[in-house]
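Visitor: Take a look at the following structure, please.
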Amino acid sequence: MKILVITGKQAFTKVSSVIKNYEFIDVYEANISIAAFLTPNLIIKEIKKLETSKNKKLSEIYDFVLVTGLIRHDLARIYEETGIKCFKSTREASDIPVLIKNLDKIKLSTVDYADSQIAKFIRENAQKDIENAEKLPLTPGNIKIGNLKVGNDYPMRVLGEIVHVPWLSKHELEEKVNYYVESGADMIDLGMVSNEDYSKDLKQIIKTVRDITDKPVSVDTLNTKELIEAVNLDVDMILSVDSGNFDELLPHLKEKNTVSVVLPTNYKTNEVPEKISEKIQNMEKILEKFKENELTAVADPILEPINNSGCNFTESVIACYEFKKRNNIPMFFGIGNVTELFDVDSNGVNASIAAIGQEVGGNILFTPEASQKCKFSIKELKTASKMLFLAKMRNSLPKDVGYDLINYKDKKFDEEFDLEDVKIIEAVENEKQLLDRGSFKIRVDRRNKEIIATYYIKNQPKLIIKGNTPKKIYETALRENLITKMDHAAYFGKELRNAELALKLGKKYNQDFDLFYNEFWNQ
């Protein structure tokens, strides 16, 4: 096989460097500064120029051509006019060796970048590995919660808590359940209201959830009456049982197949162990009663918040680790206890604590999405669970396994900066702004994942443009002749992009204000 790589002047040295170990690959420097500016017409011209210099058709020398750079055009026409197949390479020059190693496994494209094909191939293999693990039979230490297998042989399961369920309308509950399911929750937890009794409402609440999903459902409360009602209604799991309510729950649990999440506490007498040894001893003591009565339990040694008084986060992790070493039963890992009480974006925190959870033997990752800073926590934990499980299966680091949580930065950064030798003008704002005949008020509709642009003339709304991308909206506005001034068009595009980012990132959007406005970004 022989391959030709066509690139621009700026990237030529880098591309040559990354393929230097491949004797069957040649690099050609096109007469253009940046490879991204290459078009099918320009590539055809370069190929014909090269053929003239070699006095030979390229198709007689090479099997195909790879073009680097962020080229937006379809390259199919190049083959039609030159007779040599031409495909898009990877977006980053440094990924070309990865492409070469996987050439036999992927289908090169004239439309899609090759790294998209590689990522798809790796993801499909990762998904197959997880699917094969899901087929493993239950062995000692693993259990079933509803129709879901839980234990060390399977990925950690994500339990998403919907808080204060009794206060939600039926429609609000349905929306929450659908959102949790779409986010990847393996189980739905119904959080009740502290110090109140809504046991009479549980039948309708559970029915509403079960009408939407067949995923396991749990009820989360310390109200024993509500727990008993949940068990009698055949809920899949209850949170939580401790030495204070066990005796009262026992006759009901013996009649049903309900799994219990067990705490090392006695909330009836306000006993909460603070020492590692106390947590483990209390937990083992009540679990012995579960074993005697042949009841199924999930242990929750309680993951504590960072810098918690009494037992802190690190000590609680040690308690989880020591407990799991001594007891081969599924373990609950309450990540929401940490993220909700930690003023940090949830993405990396969720991934890191999930990794700790897997290393200490956690099997259920529990989280609400109670605060805005923890939005997307379920989706983040679901991805982390897959990533970490694949790393465990393959005895590898959680890197390049097919899933990742690099959502706000880039894994590789091959960005180049080189100023052209032309006149430089310092940017300055205009002192006066001449208004267009109309203006826009821009908002985000998070429920429908759309941007809403309301057009005003003399402070009176005239029409609304809605869409899911800035391009659709500004092109519609231009077609309708709603924008007549260049500076208004530039401003409109900037604000639409901010609105789109706010929608994707879960950020608050205020027109005319910076999206990233805190001190971190201003330093």
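Visitor: Sticking with the crude label model, points 7 Å out along Cα→Cβ, report the distance from residue 42 to residue 268 in nm, one decimal please.
Guide: 7.8 nm
Visitor: Here is a further query. Which value, in Å², gives the accessible area per residue of the stretch 1-141 when a 1.4 Å probe is used on the protein heavy atoms?
Guide: On the way: 7620 Å² over 141 residues.
That works out to 54 Å² per residue.
Visitor: Just to verify a number: FRET efficiency for residue 1 and residue 80, C-beta to C-beta distance, R0 = 30 Å, to 0.05? Please list the in-between numbers first.
Guide: On the way: r = 23 Å, r/R0 = 0.75.
After rounding, the FRET efficiency stands at 0.85.
Visitor: Would you work out the relative contact order for the stretch 75-224, in percent, from Cα pairs under 8 angstrom that are 6 or more residues apart? Please list the in-between numbers first.
Guide: Details: 176 pairs, mean separation 24.8, N = 150.
Taking the mean separation of contacting Cα pairs over the length of the stretch 75-224, I get 17 percent.
Visitor: Using heavy-atom solvent-accessible surface (probe 1.4 Å) with all chains present, what is the largest-first order of 315, 380? Mind dumping the intermediate values first?
Guide: Numbers: 315 70, 380 10 Å².
Listed by decreasing accessible area, they come as 315, 380.
Visitor: Which whole-number percent gives the relative contact order of the chain, counting Cα pairs below 8 Å spaced six or more residues apart? Working shown, then result.
Guide: Numbers: 871 pairs, mean separation 46.9, N = 523.
Computed value for the chain: 9 percent relative contact order.
Visitor: Return an integer: the convex hull volume of the alpha-carbon atoms of the stretch 380-523, in Å³ per residue.
Guide: Values: hull volume 29.9 nm³, N = 144.
Dividing the Cα hull volume of the stretch 380-523 by its residues yields 208 Å³.
Visitor: Whole number in Å², please: accessible area per residue of the stretch 334-385, 1.4 Å probe, ligands, DNA and RNA not counted. Please list the in-between numbers first.
Guide: On the way: 1770 Å² over 52 residues.
Computed with neighbouring chains in place, this is 34 Å² per residue.
Visitor: Could you work out the equivalent-ellipsoid semi-axes for the chain, taking the square root of 5 times each eigenvalue of the Cα gyration tensor, largest first, in whole Å?
Guide: Details: eigenvalues 563, 209, 84 Å².
After scaling each eigenvalue by five and taking roots: 53, 32, 20 Å.
Visitor: Counting only protein chains, not ligands or nucleic acids, how are 396, 385 ordered by accessible area (probe 1.4 Å), most first? List each step's numbers first, then the result.
Guide: Numbers: 396 55, 385 0 Å².
The ordering from most to least exposed comes out as 396, 385.
Visitor: Continuing with this model, one more query. How far, in nm, would the chain grow between residue 247 and residue 413 when pulled straight, counting 0.36 nm per residue and subtracting the alpha carbon separation? Each step should come with its number before you reach the end.
Guide: Numbers: separation 166, 0.36 × 166 = 59.76 nm, distance 5.95 nm.
Result for the pair: 53.8 nm of gain on full extension.
Visitor: Within the set of other residues whose C-beta is less than 13 Å from the C-beta of residue 510, count the net charge using Lys and Arg as +1 and Asp and Glu as -1. Each step should come with its number before you reach the end.
Guide: Details: positive: 441, 443, 507, 508; negative: 495, 512, 514.
Taking every other residue near residue 510 into account, the sum is +1.
Visitor: Report the net charge of residues surrounding residue 361, where surrounding means a beta-carbon distance below 9 angstrom and charges are Lys +1, Arg +1, Asp -1, Glu -1.
Guide: Details: positive: 324, 325; negative: 359.
Around residue 361, the charge tally is +1.
Visitor: Moving to a separate point now. If packing is taken as the average number of other Cβ atoms within 10 Å across a peptide's residues, how do 359-365, 97-103, 161-167 rank, most packed first? Could the numbers behind the result be given before it?
Guide: Numbers: 359-365: 24.0, 97-103: 15.7, 161-167: 19.4.
Highest-to-lowest ranking by the protection proxy: 359-365, 161-167, 97-103.
Visitor: May I pose another question? Among 66-77, 446-457, how do they line up from the highest to the lowest mean number of other beta-carbon atoms within 10 Å?
Guide: Numbers: 66-77: 18.6, 446-457: 15.2.
The most tightly packed comes first, giving 66-77, 446-457.
Visitor: Could you give the angle, 0 to 90 degrees to the nearest 10, between helix 486-505's Cα long axis and the longest principal axis of the Cα atoms of the chain?
Guide: 30 degrees
Visitor: Just grab the label-to-label distance for residue 116 and residue 278, each label 7 Å out from Cα along the Cβ direction, in nm (one decimal).
Guide: Roughly 5.8 nm, to one decimal.
Visitor: Separate question: Quick one: Kirkwood hydrodynamic radius for the stretch 258-304, alpha-carbon pairs, angstrom, one decimal?
Guide: Numbers: mean 1/r = 0.0907 Å⁻¹.
Evaluated on the stretch 258-304, it is 11.0 Å.
Visitor: Return a whole-number percent for the relative contact order of the stretch 401-490, with Cα pairs under 8 Å and 6 or more residues apart as the contact set.
Guide: Numbers: 76 pairs, mean separation 16.7, N = 90.
Rounded, it is 19 percent for the stretch 401-490.
Visitor: While we're here: Provide the FRET efficiency to the nearest 0.05 for the residue 285-residue 195 pair, computing r from the beta carbons and using R0 = 25 Å.
Guide: On the way: r = 27 Å, r/R0 = 1.08.
Once rounded, the FRET efficiency stands at 0.40.
Visitor: I'd like the distance between the alpha-carbon centres of the stretch 205-280 and the stretch 72-98, rounded to an integer number of Å.
Guide: So the two Cα centres are separated by 58 Å.
The values are calculated or read from the model by the stated rules, or taken from the named source; none is laboratory data. Just so you know, these numbers come straight off a predicted model, no measurement behind them. FYI the Cβ positions are ideal-geometry reconstructions off the backbone, even for glycines, and counts take in every protein chain you see. Each accessible area value is taken on the protein alone, full model and side chains, heavy atoms only, with ligands, DNA and RNA left out. Shrake-Rupley method; radii C 1.70, N 1.55, O 1.52, S 1.80 Å.
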